[in-house]
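K.L.:
Take a look at this one; I'll ask things after.
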Amino acid sequence: MNMIIRTIIHLSRSGKSINSANRALGAKASILPGIHSDAHQVFDEISTNNSSDFNQLLTSYARNNLPIEELQLFLQAKHSERLIDCSTLSCILQSCRDLSDLGLGKQFHCICVKNGFDKVVGVATSLIGMYMKCGSIDDGSRVFDLMPDRNCVTWNTMLSGLMINGLGPEVLQLFDELRANGAKPTLLSYVAVMKLCANLNQLLLGQQLHSCVIKEGFGSDGKVMTSLMILYIKCMKFVHAFKIFSSMSRDARSVKSWTAIISAYVQIKDPISVASLFNEMRRYSVEPNAVTYSTLLTASPAISPFQIHALVIKSDYHREPLVGTALLIAYTKMGRTCESLSIFRSIDAKDIIAWSAMLACHAQAGDSEGAVNLFKEMVMQRVKPNEYSLSSVIDASCSANAPTDLGKQFHAVTIKYKYLNSICVSSALVTMYAKKGSIESAQKVFDRQSNRDLVSWNSIICSYAQHGYGERALEILREMEKSGVEMDGVTFIGVLTGCAHAGLLEEGKRYFNSMVNVHHIKPTMEHYSCMIDLYSRSGRLSEASDLINRMPFPADARVWRTLLGACRMHRNIELGEIAAKNLISLEPDNPAAYVLLSNMYAGLGKWEERTKIRKMMDGRNVKKEAGCSWIQIRSTVHSFIASDTSHPMSSKIYEKLEEMMIRLKKDGYRPDTDLVLHNVEDEQKERILYRHSERLALALGLISTPRGVPLQIMKNLRVCTDCHTVMKMVSAIEEREIVVRDTSRFHHFKAGSCSCRDYW
């Protein structure tokens with residue numbers, strides 16, 4: 001290389017072959033990256049250098065993506081002013097564009113005007129490109145408007161500039177102007193405008209463009225037809241897209257074409273066609289790209305995520321954020337948190353979407369600790385949270401094992417990052433406060449929402465439903481209808497749940513019929529489950545059974561479990577046995593069916609049948625889930641099982657229990673020993689009752705907090721009626737509000753009564 005440089009210098013000094021030196025200089029500077037400093041030296045050594053030499057060297061920097069070096073050459077070169085021509089300025093302006101250096105670009109604009117080059121088409125086009133890339137739309141438009149002549153490159157540059165600055169309507173207006181002025185749109189112009197039409201859902205203009213491209217002879221071009229196909233897909237005109245794809249030759253179908261048509265079949269939920277097209281694509285040796293794989297991963301069960309994962313690793317796409325995030329989401333949907341975390345760690349350049357997806361994974365798994373640690377890690381890496389990452393970590397703070405004040409802390413974080421007005425964040429806060437027992441705080445967040453969408457309304461309706469305030473849920477529903485927001489399936493789940501928990505049988509039946517006949521929403525299993533719960537709680541077991549038989553699909557375990565629980569409550573042994581049989585066939589390893597049936601037999605004094613069920617559980621190695629209650633005192637969570645003596649304060653807890661029982665009995669409390677399903681004496685049954693886990697948690701709360709401080713207790717099973725009675729009486733005696741969350745709902749005990757009005 002050094003020999004070449006020395007030869008060029010010798011030739012230039014001798015003056016024998018300046019053209020030879022120029023050709024060597026240009027060729028070597030453009031072909032061999034890294035010799036630009038040597039080329040610069042050569043240029044300075046050449047005594048008769050001219051604008052052609054100068055432009056060749058500038059071009060070499062541009063080709064090797066070295067805009068800074070190109071500008072330095074211009075500024076440092078001897079006599080650069082006299083070497084300027086149109087090509088020089090076009091090169092320099094492109095470097096200003098690449099660097100987004102508006103100030104320097106304006107200085108070169110002045111040089112263009114000074115030398116009379118500002119109206120030359122090539123230079124003016126470069127000026128437009130520079131201004132648009134730097135976001136100076138008015139300056140770019142002014143240059144465009146003052147041009148006496150424009151070529152296709154000029155029009156395309158202006159169209160692209162408006163597009164990258166998000167000026168969709170202006171792009172369409174300019175395209176109309178282009179055609180009105182008799183200019184002929186190029187292939188690239190059509191592609192750019194069709195892309196914009198797709199983003200803006202401009203179907204009518206897209207159809208006009210379809211006619212134009214056929215007329216102009218672009219109907220066989222792969223890029224144009226792919227852009228047109230994507231336009232139809234985004235406008236939900238799938239039949240047109242399928243026809244275009246079918247008409248394209250095999251050579252015209254790029255990976256982008258295949259990916260687009262696969263995405264169309266994903267949207268219409270046709271997994272068979274998705275799998276078939278993917279196999280056909282590979283058979284024609286078209287290699288999938290990152291977008292293809294991420295599209296396929298949203299189409300499960302079209303192709304197994306495990307199979308796609310294997311192909312992704314083989315193709316070395318697993319470290320790309322787009323594919324990695326799609327894989328992460330696919331594994332999250334399958335509940336495979338460990339695999340999701342492993343995939344997340346393997347992604348090279350994690351963007352906020354990947355972080356948000358992993359936070360959502362932790363939230364789905366109920367792993368509040370994992371979500372909090374990941375959020376801290378994200379902030380430490382200077383990744384700014386967005387509304388989706390914040391809503392995910394707020395969702396995670398709803399989990400049963402999360403500290404009660406964790407959600408409040410993230411409420412403060414949303415204020416810090418100024419996302420409190422985000423609908424998805426504020427709706428997540430509504431749900432969080434409701435799940436943590438504070439329906440009042442949930443209502444306050446809802447009241448502060450400046451804009452409300454369907455998710456906002458659904459959040460507050462479902463919150464009141466879970467707290468048993470069915471009438472309030474219906475009031476909010478009527479407000480929602482007045483606001484003009486259309487209800488969806490989730491809305492009706494909230495409404496029907498509220499009706500079930502409040503005993504609003506007729507209202508529930510009316511809303512279910514309205515959902516089907518007025519709003520034309522097809523009921524899902526969850527809607528039927530709500531209706532069966534409504535009938536069951538009302539004691540209408542035969543109607544619940546009839547509805548199960550009329551359902552358009554087989555009942556799932558949730559439906560049979562609801563009916564079985566109601567049969568136990570209302571002592572309907574025949575229907576209960578049918579429900580238990582179906583539940584056990586669906587979930588043979590779930591202890592719920594065995595325990596409910598066993599308790600039903602015990603409640604009716606059928607001890608032999610109860611023993612048979614217990615033996616069946618032992619034979620199948622099915623273990624009964626232990627009842628557990630927990631309460632948070634300051635920052636510590638204390639958990640208990642029935643008759644627990646492991647707590648450090650056990651002696652004081654049982655002293656408080658004894659004191660409570662004496663006081664309650666003086667006020668008329670009589671233990672409901674029928675609830676103790678053991679064949680023992682009443683005195684022992686009474687002793688079993690007052691050692692229930694929720695009472696131990698209550699006693700700890702009473703002795704560990706100042707009088708008047710509300711208490712919140714969580715339980716993994718349904719609260720028994722005797723404990724329910726005790727909680728009501730204690731709330732009056734101790735002058736405390738006590739909130740209990742069991743598997744069914746929230747109970748708010750205050751001044752001797754419960755929010756459920758003894759209906760649960």
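The values are calculated or read from the model by the stated rules, or taken from the named source; none is laboratory data. The shown structure was predicted, so the numbers you read here are calculated from the model rather than taken from an experiment. Glycine also receives a Cβ, built like all others from the backbone with ideal geometry; neighbour counts cover every protein chain displayed.
K.L.:
Hey, can you tell me all the residues within region 483-497 that are of a type in the set (Asp, Glu) and either exposed (fewer than 15 other Cβ atoms within 10 Å of the Cβ) or touching a Cys at 6+ places or on another chain (Cβ under 8 Å) (or both)?
P.N.:
The one that is of a type in the set (Asp, Glu) and either exposed (fewer than 15 other Cβ atoms within 10 Å of the Cβ) or touching a Cys at 6+ places or on another chain (Cβ under 8 Å) (or both): Glu486.
K.L.:
Determine which single condition Ser80 fails, assuming it passes every other condition in (1) at pLDDT 85 or above; (2) touching a Phe, Trp or Tyr at 6+ places or on another chain (Cβ under 9 Å); (3) of a type in the set (S, T, N, Q).
P.N.:
(1)
K.L.:
Give region 364-378 a look and list any residue that's assigned to a helix (DSSP H, G or I) and either among the aliphatic types (A, V, I, L, M) or within 15 Å of Ala354 (Cβ to Cβ) (or both), or say none.
P.N.:
Passing the criteria: Ala371, Val372, Leu374, Phe375, Glu377, Met378.
K.L.:
OK, next. Of all residues in region 716-740, which are basic (Lys, Arg) and surrounded by fewer than 21 Cβ atoms within 10 Å (Cβ to Cβ)?
P.N.:
Passing the criteria: Arg718, Lys728.
K.L.:
Further, regarding this structure: Which one is farthest from the chain's Cα centre (by Cα) among residues in region 523-539 that are modelled with pLDDT under 95 and either outside any helix (DSSP H, G or I) or farther than 20 Å from Leu575 by Cα (or both)?
P.N.:
Among those residues, the one meeting the criterion is Gly539.
K.L.:
Which of the residues spanning region 588-608 are crowded, with 17+ Cβ neighbours inside 10 Å and either of a type in the set (Asp, Glu) or closer than 19 Å to Ala557 by Cα (or both)?
P.N.:
Scanning region 588-608 gives Ala592, Ala593, Tyr594, Val595, Leu596, Leu597, Ser598, Met600.
K.L.:
How about region 342-352: which of its residues are surrounded by fewer than 18 Cβ atoms within 10 Å (Cβ to Cβ) and of a type in the set (A, V, I, L, M, F, W, C)?
P.N.:
Ala349, Ile352
K.L.:
Give region 158-210 a look and list any residue that's at pLDDT below 80 and over 27 Å from Cys134 (Cβ atoms), or say none.
P.N.:
Across region 158-210, the qualifying residues are Arg179, Ala180, Gly182, Lys184.
K.L.:
Another question, if that's okay. Checking the conditions here, which among Ala593, Ala602, Ala626 is modelled with pLDDT under 90 and part of a loop (DSSP other than H, G, I, E, B)? Even if it seems obvious, please write down each step before you answer.
P.N.:
On the way: Ala593 fails: part of a loop (DSSP other than H, G, I, E, B); Ala602 fails: part of a loop (DSSP other than H, G, I, E, B).
From the options Ala593, Ala602, Ala626, the qualifying one is Ala626.
One line per residue, one yes/no per condition, for (1) modelled with pLDDT under 85; (2) surrounded by fewer than 16 Cβ atoms within 10 Å (Cβ to Cβ):
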residue	(1), (2)
Asn49	yes, no
Ser52	yes, yes
Asn55	yes, no
Gln107	yes, yes
Cys112	no, no
Gly140	no, no
Val143	no, no
Asn156	yes, no
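K.L.:
Look at Ile394 and say whether it is in contact with a Phe, Trp or Tyr (Cβ under 8 Å, 6 or more places away or on another chain), modelled with pLDDT of 95 or more, within 20 Å of Ser755 (Cβ to Cβ) and of a type in the set (Val, Ile, Thr).
P.N.:
When the stated conditions are applied, Ile394 does not pass them.
K.L.:
Would you mind stating whether Ser639 is without any contact (Cβ under 8 Å) to a residue 60 or more places away in the chain, surrounded by fewer than 13 Cβ atoms within 10 Å (Cβ to Cβ) and small (Gly, Ala, Ser)?
P.N.:
So Ser639 does not fit the description; no.
K.L.:
OK, next. Can you name every residue in region 440-457 that is charged (D, E, K, R) and either closer than 14 Å to Glu479 by Cα or surrounded by 21 or more Cβ atoms within 10 Å (Cβ to Cβ) (or both)?
P.N.:
Hits for region 440-457 are Asp447, Arg452, Asp453.
K.L.:
How about region 691-704: which of its residues are at pLDDT below 95 and surrounded by fewer than 21 Cβ atoms within 10 Å (Cβ to Cβ)?
P.N.:
Answer for region 691-704, where residues must be at pLDDT below 95 and surrounded by fewer than 21 Cβ atoms within 10 Å (Cβ to Cβ): just Arg691.
K.L.:
In this structure, does Lys376 turn out to be farther than 24 Å from Ala290 by Cβ, surrounded by fewer than 22 Cβ atoms within 10 Å (Cβ to Cβ) and either at pLDDT 95 or above or touching a Ser or Thr at 6+ places or on another chain (Cβ under 6 Å) (or both)?
P.N.:
yes
K.L.:
Of all residues being free of Cβ contacts under 8 Å to residues at least 24 places away in the same chain and within 39 Å of the chain's Cα centre (by Cα) in region 561-580, which is surrounded by the fewest Cβ atoms within 10 Å (Cβ to Cβ)? Just the residue, please.
P.N.:
Here the residue is Ala580.
K.L.:
Can you tell me how many residues in region 543-555 are part of a helix (DSSP H, G or I) and free of Cβ contacts under 8 Å to residues at least 12 places away in the same chain?
P.N.:
Residues meeting the conditions: 4.
K.L.:
Could you list, in sequence order, the residues of region 250-269 that are hydroxyl-bearing (Ser, Thr, Tyr) and either modelled with pLDDT under 95 or within 25 Å of the chain's Cα centre (by Cα) (or both)?
P.N.:
Passing the criteria: Thr259, Ser263, Tyr265.
K.L.:
Could you list, in sequence order, the residues of region 474-493 that are in contact with a Ser or Thr (Cβ under 8 Å, 6 or more places away or on another chain) and either of a type in the set (Phe, Trp, Tyr) or under 21 Å from Arg537 (Cβ atoms) (or both)?
P.N.:
If the condition is that a residue be in contact with a Ser or Thr (Cβ under 8 Å, 6 or more places away or on another chain) and either of a type in the set (Phe, Trp, Tyr) or under 21 Å from Arg537 (Cβ atoms) (or both), then Leu477 is the only one that fits.
K.L.:
Still on this structure, I have one more. Being surrounded by fewer than 18 Cβ atoms within 10 Å (Cβ to Cβ) and touching a helix residue (DSSP H, G or I) at 6+ places or on another chain (Cβ under 6 Å) is the filter here, so list the residues in region 158-169 that pass it.
P.N.:
Hits for region 158-169 are Asn165, Gly168.
K.L.:
While we're here: Can you name every residue in region 591-617 that is under 43 Å from the mean Cα position of the chain (by Cα) and free of Cβ contacts under 8 Å to residues at least 60 places away in the same chain?
P.N.:
Once the filter is applied, which keeps residues that are under 43 Å from the mean Cα position of the chain (by Cα) and free of Cβ contacts under 8 Å to residues at least 60 places away in the same chain, region 591-617 yields Pro591, Ala592, Ala593, Tyr594, Val595, Leu596, Leu597, Met617.
K.L.:
Right, another one. Is it true that Ser273 is over 19 Å from Met158 (Cβ atoms), touching a Phe, Trp or Tyr at 6+ places or on another chain (Cβ under 7 Å) and among the hydroxyl-bearing types (Ser, Thr, Tyr)? Step through it out loud before you land on a result.
P.N.:
On the way: over 19 Å from Met158 (Cβ atoms): yes; touching a Phe, Trp or Tyr at 6+ places or on another chain (Cβ under 7 Å): yes; among the hydroxyl-bearing types (Ser, Thr, Tyr): yes.
Against the criterion (over 19 Å from Met158 (Cβ atoms), touching a Phe, Trp or Tyr at 6+ places or on another chain (Cβ under 7 Å) and among the hydroxyl-bearing types (Ser, Thr, Tyr)), Ser273 qualifies.
K.L.:
Let me ask something else about it. At pLDDT 90 or above, surrounded by fewer than 23 Cβ atoms within 10 Å (Cβ to Cβ) and within 28 Å of Asp251 (Cα to Cα): is that true of Arg283 in this structure?
P.N.:
Yes.
K.L.:
Working only within region 379-398, note down all residues that are part of a loop (DSSP other than H, G, I, E, B) and surrounded by fewer than 21 Cβ atoms within 10 Å (Cβ to Cβ).
P.N.:
Passing the criteria: Gln381, Arg382, Val383, Lys384, Asn386, Cys398.
K.L.:
What about Arg558, is it in contact (Cβ under 8 Å) with a residue 24 or more places away in the chain, of a type outside the set (A, V, I, L, M), over 24 Å from Thr611 (Cβ atoms) and surrounded by fewer than 23 Cβ atoms within 10 Å (Cβ to Cβ)?
P.N.:
yes
K.L.:
Looking at region 465-479, can you tell me whether even one residue there is in contact (Cβ under 8 Å) with a residue 24 or more places away in the chain, surrounded by fewer than 19 Cβ atoms within 10 Å (Cβ to Cβ) and at negative phi?
P.N.:
Yes, because at least one residue in region 465-479 is in contact (Cβ under 8 Å) with a residue 24 or more places away in the chain, surrounded by fewer than 19 Cβ atoms within 10 Å (Cβ to Cβ) and at negative phi.
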